[in-house]
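Asker: After the structure tokens below, expect a handful of questions from me.
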Amino acid sequence: MADQPFPSIAFLWPALAAASTSGMMSAFAGQLARLGGAVPKSDSPTPKWATANRVALELPSMRLREFCAGGRAVPTLICAPFALHRATIADFAPGHSLVRALRGAGLSHICVTDWLSAGPEMRYLSIDNYLADLDVAVDELGGNVDLIGLCQGGWMALLFAARFPDKVHKLVLAGAPVDVRAGESPLSRLAAQMPLAMFEQLVEFGGGRILGDRGLGLWGARTLESASVRQLVQVPRRIGGPGWGRIETGFHQWAPPNRGLPAP
């Protein structure tokens, strides 16, 4: 994330959603204040993709992953999020994969943006840098795509479509934090009350970046129980044994517990 004032709260949407769920603005502020200490090191393995793919292009801010490339149809590009968790949410597990669902629906050329973690050298990057890399990826795919934006990747996809309308054949957004003021909700009220200084402080803690471990601290340090994971990923109770074990393990790899930071 760039070392500059935030134009919106989109990067911290997951943290704000967690805070709005609890309804405790003061707890959120207190938790943020405690994030100025050492960043705990996570020993959790990198989450895996459920479907075979190849890296078609490597760019400063992302890898373009290609899952299938058949036929002459307009390519489908999934603009995945990477705020607190990895882009593998687009291909989490068999039965829980947007990539596989699109393939099953007959799409023959599917790619995903696998955004890279921001190193210190990336602290001065702006949204324009990310859009530029997305533009290069679209050109690699022929210059015209069906663009699917997920969560944070949704507003990135919307910005790209507005900037390069001739390069987007179709645009689909899912769970994208485009305008939290569009409807009255605990989240919109929280966003209206949140001082900009809080976001600036979070960026300062990361030396010009928003560090994932600090962001995860806003969610708390608790590990979800098996029943909660099952409910989140909507796995029927009749599915158990090794099949369920793999899904649960994959979930904790994708969303590891935040060690070393206090729960709100």
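The values are calculated or read from the model by the stated rules, or taken from the named source; none is laboratory data. All values reported here derive from a predicted model rather than from experimental measurement. Glycine gets a Cβ as well: all are built from the backbone with ideal geometry, and neighbour counts include every protein chain shown. Ligands, DNA and RNA are excluded from the accessible area calculation, which covers all protein heavy atoms including side chains. Shrake-Rupley method; radii C 1.70, N 1.55, O 1.52, S 1.80 Å.
Asker: Is there a residue in the stretch 115-122 that is in contact with a strand residue (DSSP E or B) (Cβ under 7 Å, 6 or more places away or on another chain), modelled with pLDDT of 90 or more and crowded, with 17+ Cβ neighbours inside 10 Å?
Answerer: yes
Asker: Checking Gly71 against (1) of a type outside the set (A, V, I, L, M); (2) assigned to a helix (DSSP H, G or I); (3) open to solvent by 60 Å² or more (accessible area, probe 1.4 Å), which test does it fail?
Answerer: Of the numbered conditions (1) of a type outside the set (A, V, I, L, M); (2) assigned to a helix (DSSP H, G or I); (3) open to solvent by 60 Å² or more (accessible area, probe 1.4 Å), the odd one out for Gly71 is (2).
Asker: Provide a single number: the residues in the stretch 158-201 that are assigned to a loop (DSSP other than H, G, I, E, B) and modelled with pLDDT under 90.
Answerer: Counting residues in the stretch 158-201 that are assigned to a loop (DSSP other than H, G, I, E, B) and modelled with pLDDT under 90 gives 13.
Asker: Check Ala101, Ala162 and return the single one that is more than 16 Å from Arg65 (Cβ to Cβ), within 20 Å of the chain's Cα centre (by Cα) and open to solvent by 20 Å² or more (accessible area, probe 1.4 Å).
Answerer: Going through Ala101, Ala162 in turn, the sole match is Ala101.
Asker: Count, please, the residues in the stretch 71-117 that happen to be closer than 17 Å to Leu147 by Cβ and without any contact (Cβ under 8 Å) to a residue 12 or more places away in the chain.
Answerer: 2
Conditions (1) farther than 19 Å from Arg65 by Cα; (2) among the aliphatic types (A, V, I, L, M); (3) more than 19 Å from the chain's Cα centre (by Cα), marked per residue:
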| residue | (1), (2), (3) |
| --- | --- |
| Asp133 | no, no, no |
| Asn144 | no, no, yes |
| Leu147 | no, yes, no |
| Ala176 | yes, yes, no |
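Asker: Which members of the stretch 86-98 meet the condition of being assigned to a loop (DSSP other than H, G, I, E, B), surrounded by fewer than 20 Cβ atoms within 10 Å (Cβ to Cβ) and not small (Gly, Ala, Ser)?
Answerer: Passing the criteria: only Pro94.
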